[in-house]
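Handing you a structure now.
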Amino acid sequence: MLADISLVIVEPLAMKISITNLSVAFCMIAFVSSVSAAPVAEEDRVDIDLRRTTLIVSDIENSLRFYRDALGMKVIYDNMIRTPRSAKTDAEADISRRLVFVRANDDLVGIVGLLEYTKPRKKVRAPEPEAFATGSAVLLFNTKNVEARFAAASQVPGVEVLDPPTDVSYPSYDGESVINVRVSTLRDPDGFLVELNQLLSELDN
């Protein structure tokens, strides 16, 4: 179930382009040559990894309907974190929160964290007035079947559809050929921007 989706995090988004204006927000580092995660060659590696992006959510079960059920990510961690750490129950704790990690195809990098504060409850933030505004973060997923993933994701309560799957061409790494991608955008139940994409052509990197 998980082999058809991979995650690349673009934070913050480097460019702002609208699909409805015949283009799409993108960052070239978000393209991968395969829907499966793979490290770069040893000689090209740097001494830092982007391990995880954690989203503060209002209803973690609904977030799991989106990331686990609709997108097919796998839960690899699910625990209550209490302060002080000696607290065994929410009643004993000053602060309680539930933390869940979900992954696509890599246990080390590209993890999405979901964090819900249950005691005290956090205020729900106002939605961004405009998608892809300066300071926005975007979670970009590659999948082998964007139509199916998009259809499932759009049915989760609280999700806002921005753009349905649309075919877009980008300049390739060599600057001469093109990369064809089927791109869709939506907001998850807490308003975080998500792109669900499907590569339609091979990359020349």
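The values are calculated or read from the model by the stated rules, or taken from the named source; none is laboratory data. Source: prediction; values computed, not measured. For neighbour counting, all protein chains shown are included, and Cβ atoms are generated from backbone atoms with ideal geometry for every residue, glycine included.
Mind telling me which of the residues VAL124, VAL112, VAL194 ends up being of a type in the set (Val, Ile, Thr) and either more than 15 Å from GLY72 (Cβ to Cβ) or at pLDDT below 95 (or both)?
Exactly one of VAL124, VAL112, VAL194 is of a type in the set (Val, Ile, Thr) and either more than 15 Å from GLY72 (Cβ to Cβ) or at pLDDT below 95 (or both), namely VAL124.
Only residues that are hydrophobic (A, V, I, L, M, F, W, C) and touching a residue at least 24 places away in the same chain (Cβ under 8 Å): list them for the stretch 150-178, please.
Passing the criteria: PHE150, ALA152, ALA153, VAL156, VAL159, VAL161, LEU162, VAL168.
While we're here: Need a quick list: strands (runs of 3 or more DSSP E) entirely within the stretch 39-103 having at least 2 residues that are at pLDDT 95 or above and over 11 Å from LEU114 (Cα atoms).
74-83, 95-103
Oh, and also: If I filter the stretch 156-178 for residues that are loosely packed, with under 14 Cβ neighbours inside 10 Å, of a type in the set (Val, Ile, Thr) and modelled with pLDDT of 95 or more, do I get at least one hit?
yes
Determine whether the stretch 131-141 contains at least one residue that is farther than 20 Å from LEU196 by Cα and either of a type in the set (A, V, I, L, M, F, W, C) or within 13 Å of the chain's Cα centre (by Cα) (or both).
Checked the stretch 131-141: no residue is farther than 20 Å from LEU196 by Cα and either of a type in the set (A, V, I, L, M, F, W, C) or within 13 Å of the chain's Cα centre (by Cα) (or both).
Identify all residues within the stretch 105-143 that are under 22 Å from VAL40 (Cα atoms) and either touching a Phe, Trp or Tyr at 6+ places or on another chain (Cβ under 7 Å) or in contact (Cβ under 8 Å) with a residue 60 or more places away in the chain (or both); write none if there are none.
Hits for the stretch 105-143 are ASN105, ASP106, VAL109, GLY110, ILE111, VAL112, LEU139, LEU140, PHE141, ASN142, THR143.
Go through the stretch 179-205 and count every residue that is of a type in the set (Gly, Ala, Ser) and either surrounded by 14 or more Cβ atoms within 10 Å (Cβ to Cβ) or in contact (Cβ under 8 Å) with a residue 24 or more places away in the chain (or both).
Going through the stretch 179-205 one residue at a time, the tally reaches 2.
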